[in-house]
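The values are calculated or read from the model by the stated rules, or taken from the named source; none is laboratory data. All values derive from a computational prediction rather than experimental measurement. Virtual Cβ from ideal backbone geometry, glycine too; neighbours counted across all protein chains shown. Protein only, heavy atoms only, side chains kept; ligands, DNA and RNA dropped before computing areas. Shrake-Rupley method; radii C 1.70, N 1.55, O 1.52, S 1.80 Å.
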Amino acid sequence: MGKRASKEAPPSPQGSGRGQSFAMEDTTDLKKVLDTFKRCLNDKQEILMDPYIAGWKGLVGFLNTMGTIFAFVSKDAVAKIQIMENFRNSDQKAQYVSLQSMVDHELGQGLVDFHAQRDNPISGCRTILRLHRALRWLQLFLEALRTSGADSKTSALCTESYNASLAHYHPWIIRKAATVAFYALPSRNDFLENMKVGTPEEAVEMLGEALPCLYQVYDVTESLYAKHQLLDLP
């Protein structure tokens, strides 16, 4: 994940309000959600923005099926999705067709604030970085579910994944609230069944087939951001 960045503040009450009215796709089938990420990469290994946004909408929809347990991630993700959709609906939408075109455009126009000196800096590069970090946590958690034993505690798997990823960027109060919330997670088998793809064994098989595309999207983004020294944007 690169060097540790400055701690992020929790989502504002206004951001949380927007999350409540945000339209999500009505699907809890995690396989369909993960398959959306397969459409992100084109032949040039560019990450296309529209399927990336669609994939994140699906992930938020899935997280919301667990109630408020993952609200600390889903509410913030909703705010970031809205920002990216605004870019895609603006008169600059052609510059935001892919992550690569976005990075070239924003760096070329001096739109990326590397030092947080402006008031409320908003850029696509910074916004995607926050989603990118959250994607890392989801990768680790889903992979842990896939490879763990039937008697493994979902709360422990989730906590370990969180501590290895998103926790580095959250203030103490958010880290504490998140780890407490994880104790309310259902058993591993119940969680796997909530993916709506069949039995726990079938869900594990699905994750084995679907997760590689998520890793590929993550790795391409990580390399792109590392190349342009964007991994530590404040």
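Quick notes on this one:
- Only helices enter this figure: runs of n ≥ 4 DSSP H residues, each worth -39500 (n - 2.57), summed and divided by the residues of the chain, yield -19000 deg cm²/dmol at 222 nm to the nearest 500.
- Accessible area per residue for the chain, computed on protein heavy atoms with a 1.4 Å probe, is 48 Å².
- Principal-axis tilt of helix 172-182 within the chain, Cα atoms, nearest 10 degrees: 30 degrees
- Distance (nanometres) between label positions extended 7 Å along Cα→Cβ at Asp219 and Gln45: 0.9 nm
- Counting only Cα atoms, the stretch 36-125 measures 41, 38, 22 Å along its principal axes, largest extent leading.
- According to the Kirkwood relation over distinct C-alpha pairs, the hydrodynamic radius of the chain is 18.2 Å.
- Per-residue Karplus couplings for the stretch 215-228, computed as 6.51 cos²θ - 1.76 cosθ + 1.60 with θ equal to phi - 60°, are listed in order as 4, 5, 4, 4, 5, 5, 5, 4, 5, 4, 5, 5, 4, 9 Hz, Gly and Pro entered as x.
- For the stretch 174-234: rounded, prolate or oblate by the Cα gyration tensor [a/c cutoff 1.5]: oblate
- Degrees, to the nearest 10: 124-147 long Cα axis against longest axis of the chain: 20 degrees
- Per-pair calculated FRET efficiency, R0 = 35 Å: Asn86 and Glu160 via Cβ, rounded to 0.05: 0.50
- Computed from Cα positions, the angle between helix 154-163 and the longest principal axis of the chain comes to roughly 20 degrees.
- Apportionment of accessible area to carbon and sulfur, the chain, percent (1.4 Å): 49 percent
- Zone of Phe114's modelled label, taken as backbone nitrogen in the stretch 210-234 under 19 Å from a point 7 Å along Cα→Cβ: 222-234
- Backbone amide hydrogens, once placed in the peptide plane, bring Ser98 within less than 5 Å of Met49, excluding anything fewer than 5 places away on its chain.
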